[in-house]
Amino acid sequence: MNEDLIFHFDVDGSDFTSAGQASVQLKKNLRQLGISPDIIRRVSIAMYEGEINMVIHANGGEADVAVTETDITITLRDKGPGIKDIDLAMQEGFSTATDNIRSLGFGAGMGLPNMKRYSDSMEIDSVVGEGTVITMKINL
Amino acid sequence: MKICQIKDLLGAKVICGEDMMDRHVYSACGSDMMSDVLAYVKDQSVLLTGLVNSQVIRTAEMMDMVCIVFVRSKMPSEEMIELAKDSGIALLATDKRLYEACGKLYEGGLRGNGVKK
């Protein structure tokens, strides 16, 4: 790869059923680049959890994925309610998702911990009432 | 264990992926919570679940899983079947409950083998 590649995705927040489409597309894009399956899986899971979070909590948002020679950086931006207590949100098992979301298989309080688990570094920049920006980096 | 053995052990019906019956699976997990599934990485594994929505298929795809078994006689929608076909995932359905279905596969030699990152 001579030039950095950026993939942009709009995440529709209105429909839970379609959540994850961006992650599926990203996975296809990364496969075409010949990136190792192990890395692709980590990027895909991190992106997917992030996408689900944006749909559940923030009525959607957008994702940019930058691929360089050394790493893949996922940036997720939403205009949702923001995260009041990030340390609390990072605890496994903590969730503010509704029972309805739990009945759909999410809201176990594993989303953010999973995103951190699968990335080499993760930063959360959140302002209550304005939105959240999450940056995850996975080294190649 | 081959997917066809899973089918036999669970008396399961093949919904799609007839051509994948000879594929090997090396691990399995049973859960209705997709984020719990996403927390443990396994290779060529099978997911047993009573949850029926598109996110089950996408979760399996993200995890590079090769087979999903729906328990308690749950049946996926046409849309889900199409998603699974696109992703190369075999779908099975059994009338067994999650606990019993997992137990039968475990007894048959299929272990958990998940690695928490």
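The values are calculated or read from the model by the stated rules, or taken from the named source; none is laboratory data. These numbers come from a predicted model, not from an experiment. As a convention, Cβ positions derive from the backbone with ideal geometry for all residues, glycine included, and neighbour counts pool all protein chains shown. Side chains are part of the model used for accessible areas, which takes the heavy atoms of the whole protein and leaves out ligands, DNA and RNA. Shrake-Rupley method; radii C 1.70, N 1.55, O 1.52, S 1.80 Å.
If you place +1 on the Cβ of every Lys and Arg and -1 on the Cβ of every Asp and Glu, how big does the dipole about the Cα centre of the stretch A:5-139 come out, in debye to the nearest 20?
Numbers: 12 positive and 19 negative charges, 82 e Å.
Roughly 400 debye for the stretch A:5-139.
Excluding ligands, DNA and RNA, what is the accessible area buried between chains B and A, summed over both sides, using a 1.4 Å probe, to the nearest 100 Å²? Please list the in-between numbers first.
Values: alone 6270 and 7780 Å², together 11820 Å².
Approximately 2200 Å² gets buried when B meets A.
Could you state the accessible area per residue of the stretch A:5-139 in Å², with a 1.4 Å probe and every protein chain left in place? Let's see the in-between values first.
Numbers: 6100 Å² over 135 residues.
Averaged over the residues of the stretch A:5-139, the accessible area is 45 Å².
Averaged across the residues of A:44-50, what count of C-beta atoms belonging to other chains lies within 10 Å of each residue's C-beta?
Details: counts 6, 10, 2, 1, 9, 6, 0.
Other-chain Cβ atoms within 10 Å of each residue's Cβ, averaged: 5.
Please report the carbon-and-sulfur percent of the accessible area for chain A; probe 1.4 Å, protein heavy atoms only, DNA, RNA and ligands left out. Intermediate values should be presented prior to the final figure.
On the way: 3090 of 6690 Å².
On chain A, the fraction of accessible area on carbon and sulfur atoms equals 46 percent.
Give A:K28/B:K13; A:K27/A:K84; B:K42/B:K74; A:K27/B:K85; A:K27/B:K104; A:K116/B:K74 a once-over and call out the pairs whose C-alpha atoms are over 22 Å from each other. Walk me through the numbers on the way to the answer.
Working: A:K28/B:K13 30 Å; A:K27/A:K84 31 Å; B:K42/B:K74 24 Å; A:K27/B:K85 16 Å; A:K27/B:K104 33 Å; A:K116/B:K74 33 Å.
The pairs that break the limit, which is 22 Å between Cα atoms, are A:K28/B:K13; A:K27/A:K84; B:K42/B:K74; A:K27/B:K104; A:K116/B:K74.
Taking only DSSP H segments of four or more residues, each worth -39500 (n - 2.57), what value at 222 nm results for chain A once the sum is divided by all its residues, to the nearest 500 deg cm²/dmol?
Working: 5 runs with 51 residues, N = 140.
The helix-only estimate for chain A comes to -11000 deg cm²/dmol at 222 nm.
Tally Lys/Arg at +1 and Asp/Glu at -1 over every other residue whose Cβ is under 12 Å from the Cβ of B:G108; what's the total? Can you show the working numbers first?
Values: positive: B:K2, B:K7, B:K104, B:R111; negative: B:D8, B:E107.
Net of charged neighbours comes to +2.
Please give the residues from the stretch B:52-69 for which the solvent-accessible area of heavy atoms, probe 1.4 Å, is smaller by at least 50 Å² with all protein chains in place than with the chain isolated.
Buried by the other chains: B:Q55, B:R58, B:E61, B:M62, B:D64.
Once you keep just the Cα pairs under 8 angstrom separated by 6 or more residues, what percentage relative contact order results for the stretch A:5-139?
Working: 258 pairs, mean separation 36.1, N = 135.
Rounded, it is 27 percent for the stretch A:5-139.
Residues of the stretch A:101-125 with accessible area at least 30 Å² lower in the all-protein-chain context than alone (1.4 Å probe)?
A:L104, A:G105, A:F106, A:A108, A:M110, A:R117, A:Y118
Out of the total accessible area of chain B (probe 1.4 Å, heavy atoms of protein only), what percent is carbon and sulfur?
On the way: 2410 of 5130 Å².
Result for chain B: 47 percent of the exposed heavy-atom area is carbon or sulfur.
Could you work out how much longer the chain between B:D86 and B:Y26 gets when fully extended? Use 0.36 nm per residue separation minus the Cα distance between them, nm to one decimal. Mind dumping the intermediate values first?
On the way: separation 60, 0.36 × 60 = 21.60 nm, distance 2.23 nm.
Taking B:D86 through B:Y26 to full extension adds about 19.4 nm, to one decimal.
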